[in-house]
Amino acid sequence: ILTIMHRDLNLSTRIIGCPIIRESDGLAKSSRNVYLNSADRKTAVCLSQALFKARSAVAAGLRDAAALIATAKADITASGAKVDYVEIVSATDLSKADIIDEQSRMLIAVYVGKTRLIDNLQLL
């Protein structure tokens, strides 16, 4: 989306993407992590676990977005977190994807305790 806006507005700046920085257990680094107590901190790892599990399933040949989303939601709920959303979208325009391709990203938002956490991952 930012790349499209940048092009459409003919901005003279450059957009440089970078990887998400993660804690040693996989949780995305975020200022919100300080609001997690020790039990919630352990639960919060369910975000990255769901993302990397989905990526592994895609690497094994699964291309059905609905199946990947259902599995992620079930795993997150089983961990004790509350799902806000799990979606698979095109990285180009954030349109929902039914079939996984090179542009597909899984986006997750959950509540762990009272803290809302977000994460995402390219699936292919």
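The values are calculated or read from the model by the stated rules, or taken from the named source; none is laboratory data. Treat the numbers as computed from the prediction; the structure is a model and nothing was measured. Quick reminder, even Gly has a Cβ in these numbers, built from the backbone with ideal geometry, and neighbours come from all protein chains shown.
Things worth noting here:
- Looking only at residues in segment 99-124 that are assigned to a loop (DSSP other than H, G, I, E, B) and touching a residue at least 40 places away in the same chain (Cβ under 8 Å), the one that is surrounded by the most Cβ atoms within 10 Å (Cβ to Cβ) is 123.
- Qualifying residue in segment 91-98 (condition: on the phi > 0 side of the Ramachandran plot, under 15 Å from the mean Cα position of the chain (by Cα) and either loosely packed, with under 11 Cβ neighbours inside 10 Å or modelled with pLDDT under 95 (or both)): yes
- For segment 72-86, the criterion of being in contact (Cβ under 8 Å) with a residue 40 or more places away in the chain and either surrounded by fewer than 14 Cβ atoms within 10 Å (Cβ to Cβ) or out of contact with any strand residue (DSSP E or B) (no Cβ under 6 Å at 6 or more places or on another chain) (or both) is met by none of the residues.
- Pairs, first free of Cβ contacts under 8 Å to residues at least 24 places away in the same chain in segment 52-66, second buried (at least 16 other Cβ atoms within 10 Å of the Cβ) and of a type outside the set (A, V, I, L, M), C-beta under 9 Å, six or more apart: 53/71; 53/75; 57/71
- Answer residue from segment 75-90, given it is within 15 Å of the chain's Cα centre (by Cα) and not in a strand (DSSP E or B) and is farthest from residue 23 (Cα to Cα) among those: 75
- Residue 62 being part of a loop (DSSP other than H, G, I, E, B), of a type in the set (A, V, I, L, M, F, W, C) and modelled with pLDDT of 95 or more: yes
Condition check ((1) closer than 24 Å to residue 3 by Cα; (2) hydrophobic (A, V, I, L, M, F, W, C)) across all residues:
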| residue | (1), (2) |
| --- | --- |
| 39 | no, yes |
| 65 | no, yes |
| 87 | yes, no |
| 107 | yes, yes |
| 119 | yes, no |
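- Consider segment 1-57 and keep the residues that are outside any helix (DSSP H, G or I) and touching a Gly at 6+ places or on another chain (Cβ under 9 Å). The one that is surrounded by the fewest Cβ atoms within 10 Å (Cβ to Cβ) is 37.
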